[in-house]
Amino acid sequence: MAPESIPATLIPGDGIGQEITDATLEALDALGLKFEWDMQTAGLRGLQTAGDPLPKATLDSIRKTRLALKGPLETPSGGGYRSSNVRLREEFKLYANLRPSKSLVPGGRYENIDLVVVRENNEGLYMGYEHFIPIDGDPHAVAMSTGVNTRQGSRRALEFAFEFAVAQGRKKVTIVHKANIMKALTGIFLETGKDLYEKKYKGKFVLDDVIIDACAMKLVLNPWQFDVLVTTNLFGDILSDEIAGLIGGLGMAPGANIGRDAAIFEAVHGSAPDIAGKGIANPIALMLAAAMMLDHLNRVPEAARLRRAISDTLNIDKVRTGDLGGNANTSTFTKALVSRIKNA
Ligand code: NAI
């Protein structure tokens, strides 16, 4: 019987996006899965081809499929258009960003890392309430930004993290905050988390909390003391890159943006303009994002097969891209992976 086809939106994105998307599609194909991809654009490519960094057709597609696999999208720093990633998360109310980092290659600076960051994805300092105040002819004399965290938004992200911890049998959840200085903005997140734990989750796992700066240091000194970290938008963005660094870099870190009505899966990394077009990007982060998407679709055996094939390609075949110290390029890595999947 032909496999049932799964409708989903595909956004290859900018920079290395097309290269790692092609590699990921080959892996999904090798698993025997049939997707009905609706190919769309966003970011710089959206602007260049449709005149909009978040074209209406892309939004309409996700509204229909409620599922997207997305490559990295370029965002100009300083001025220019607003991040299409942030807008997508807002548009589809993707309130939780799940970013796991798990060691796949032994012998790195840190062994046996298995950490998860759950980041509140819609609020905080990423809401873009920013402006300059001109003084004495200097249009940028003063810069202002307002962060907003709500009880409801905090609760949704915290509840997602707590439910994830219970479902995955995780032992500890740590709330990361800066409630000693930003007493209201991040205090509300800490207060909501403690309250939710007392009322609904007490005894199911251990809950503790740590201030963001201490957390950043502790992650470098002894990352094994942590398990699941749950935090506000900006801190989560920074910490997830930090934990990616513990497992060998951004090429290995996937992410899922989860909402009630849609989910978008992506790599944590950006468009890597320094290596775009060279065919040397590590496609693993997007492939692991695809594995998270398969879990989300309840295709758990296929997700496990993909993860196992990635691990065997790295550790048995010793085929690795340059960022992992190997000399494979995107295409030779993908070829080796596909043959692992097919011969498993
Ligand atoms: P980046 O993550 O693109 O690159 C940082 C460093 O990591 C670079 O040296 C790059 O070559 C390397 N790298 C990243 N992914 C890699 C991979 N798969 N294989 C091998 N090496 C890899 O961060 P950067 O340069 O700060 O940002 C570039 C653009 O990407 C910006 O426009 C930024 O806004 C955007 N961006 C988009 C994200 C998304 O779409 N989710 C996330 C982060 C940044």
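Assuming a viscosity of 1.306 mPa s and a temperature of 10 °C, what translational diffusion coefficient in µm² per second does Stokes-Einstein assign to the stretch 101-247, Rh being the Kirkwood radius over Cα pairs?
Translational D for this selection: 97 µm²/s.
Describe numerically, in nm with one decimal, the distance between label points set 7 Å from Cα along Cα→Cβ at Glu91 and at Phe132.
If labels sit at Glu91 and Phe132, their model points lie 2.8 nm apart.
Return the carbon/sulfur percentage of the accessible area of the stretch 1-90, one whole number, probe 1.4 Å, all protein chains in place.
Ligands and nucleic acids excluded, carbon and sulfur reach 51 percent.
Could you look at the stretch 101-247 and say what percent of its accessible area is carbon and sulfur, using a 1.4 Å probe and all protein chains?
Carbon with sulfur: 56 percent of the solvent-accessible area.
Can you compute log10 of I(q)/I(0) for the chain with the Debye formula, treating each Cα as one identical point scatterer, at q = 0.13 Å⁻¹?
Results for the chain at q = 0.13 Å⁻¹ read -1.04.
Charges only on Cβ, +1 for Lys and Arg, -1 for Asp and Glu: so what's the dipole of the stretch 196-344 about the Cα centre, in debye to the nearest 20?
Using Cβ point charges on Lys, Arg, Asp and Glu, the stretch 196-344 gives about 720 debye.
Over the chain, give the accessible area per residue in Å² for a 1.4 Å probe, as an integer.
46
Along the stretch 141-158, what does the Karplus equation 6.51 cos²θ - 1.76 cosθ + 1.60 (θ = phi - 60°) give for ³J(HN,Hα), rounded to whole Hz, x for Gly and Pro?
For the stretch 141-158, the Karplus-derived couplings read 5, 10, 10, 10, 9, 10, x, 10, 10, 10, 4, 5, x, 4, 4, 4, 5, 5 Hz, x marking Gly and Pro.
Hey, what did the stretch 101-156 get for relative contact order, percent, Cα under 8 Å, at least 6 apart?
Reported relative contact order: 27 percent.
Output the relative contact order of the stretch 101-247, whole-number percent, from Cα pairs under 8 angstrom with separation of 6+ residues.
Reported as a whole number, the value is 35 percent.
At a threshold of 8 angstrom on Cα-Cα distance, excluding pairs fewer than six apart, so keeping six or more, what relative contact order does the chain reach in percent?
The value is 21 percent.
With +1 on each Lys and Arg Cβ and -1 on each Asp and Glu Cβ, and nothing else charged, work out how big the dipole of the stretch 22-170 is about its Cα centre, in Debye to the nearest 20.
Around 460 debye, computed over the stretch 22-170.
In nm, give the distance between the simple-model label positions of Asn298 and Arg151, each being 7 Å from the Cα along the Cα-to-Cβ direction.
3.5
Give me the dipole magnitude in Debye, nearest 20, for the chain about the Cα centre, with unit charges on the beta carbon: positive for Lys and Arg, negative for Asp and Glu.
1020
Which Rg and Dmax, in Å, describe the Cα atoms of the stretch 63-159?
That works out to 18.2, 58 Å for Rg and Dmax.
Which order do peptides 150-161, 55-66 fall in by mean Cβ count within 10 Å, highest first?
Result, highest mean first: 150-161, 55-66.
Output ³J(HN,Hα) for the stretch 55-66: one whole-Hz value per residue in order, computed from phi by the Karplus curve 6.51 cos²θ - 1.76 cosθ + 1.60 with θ = phi - 60°, and x for Gly and Pro.
Karplus values, whole Hz, x for Gly and Pro: x, 4, 4, 5, 4, 4, 4, 5, 4, 7, 7, 6.
Quick one: Karplus J couplings for the stretch 175-189, per residue in order, coefficients 6.51, -1.76, 1.60, θ = phi - 60°, nearest Hz, x for Gly and Pro?
Calculated HN-Hα couplings, in order: 8, 9, 8, 9, 6, 6, 10, 8, 5, 7, 4, 9, x, 5, 5 Hz.
Taking Lys178 as the anchor, which lysines have their alpha carbon closer than 29 Å to its alpha carbon, excluding any fewer than eight residues away along the same chain?
Answer for Lys178, where 29 Å is the Cα cut-off: Lys93, Lys102, Lys194, Lys199, Lys200, Lys202, Lys204, Lys218, listed by chain and number.
The values are calculated or read from the model by the stated rules, or taken from the named source; none is laboratory data. For clarity, every value in this text was computed on a predicted model and none was experimentally measured. No Cβ is skipped: glycine too gets one built from the backbone with ideal geometry, and neighbour counts run over all protein chains shown. Note: accessible area is taken over every heavy atom of the protein model, side chains too, but ligands, DNA and RNA are not part of it. Shrake-Rupley method; radii C 1.70, N 1.55, O 1.52, S 1.80 Å.
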